[in-house]
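The values are calculated or read from the model by the stated rules, or taken from the named source; none is laboratory data. In this text the structure is predicted, and so the values were computed from the model without any measurement. As a convention, Cβ positions derive from the backbone with ideal geometry for all residues, glycine included, and neighbour counts pool all protein chains shown.
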Amino acid sequence: MTEHVVFVGNKPVMNYVLATITQFNEGVDKVVIKARGRAISRAVDVAEIVRNRFLPNVKVEDIQIGTEELDSTQGKPLNVSTIEIYLSK
């Protein structure tokens, strides 16, 4: 099974909502919304807007949180929070 993923960044929320809805409309049963750092709240907004406004039959199957270590400009590693929201029909 190939994962259908929407990576959330700094664009407006509706761009990611549209990308998620497009995935479901193409016949995909599961979509993963992924985000890091400050984009996490935007990812949660995307999942909620998709569920509440556009596709009420979509359920949150799982949510996974974690931490990624990134290289910073100061030389010491930087910890960044991550989230993966699994939506399914």
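Here are a few things to note about the model shown:
- Residue within the range 6-28 that is in contact with a strand residue (DSSP E or B) (Cβ under 8 Å, 6 or more places away or on another chain), among the hydroxyl-bearing types (Ser, Thr, Tyr) and modelled with pLDDT under 95 present: no
- When residues of the range 25-57 are limited to those that are under 14 Å from the mean Cα position of the chain (by Cα) and more than 19 Å from SER81 (Cα to Cα), the one surrounded by the fewest Cβ atoms within 10 Å (Cβ to Cβ): GLU48
- Per the listing ALA47, ALA35, the residue uniquely closer than 18 Å to ASN10 by Cβ and either charged (D, E, K, R) or not in a helix (DSSP H, G or I) (or both) is ALA35.
- Residue satisfying all of: in the range 2-24; free of Cβ contacts under 8 Å to residues at least 12 places away in the same chain and not in a helix (DSSP H, G or I); nearest to VAL80 (Cα to Cα) among these: LYS11
- Residues that are more than 24 Å from LYS89 (Cβ to Cβ) and assigned to a strand (DSSP E or B), drawn from the range 50-73: GLY66, THR67, GLU68, GLU69, LEU70, ASP71
- The number of residues in the range 75-89 that are within 26 Å of GLU48 (Cα to Cα) and outside any strand (DSSP E or B) comes to 1.
- SER72 vs. criteria touching a strand residue (DSSP E or B) at 6+ places or on another chain (Cβ under 7 Å), at negative phi and modelled with pLDDT under 95: yes
- Test result for GLY66, small (Gly, Ala, Ser), without any contact (Cβ under 8 Å) to a residue 40 or more places away in the chain, touching a Ser or Thr at 6+ places or on another chain (Cβ under 7 Å) and surrounded by fewer than 16 Cβ atoms within 10 Å (Cβ to Cβ): yes
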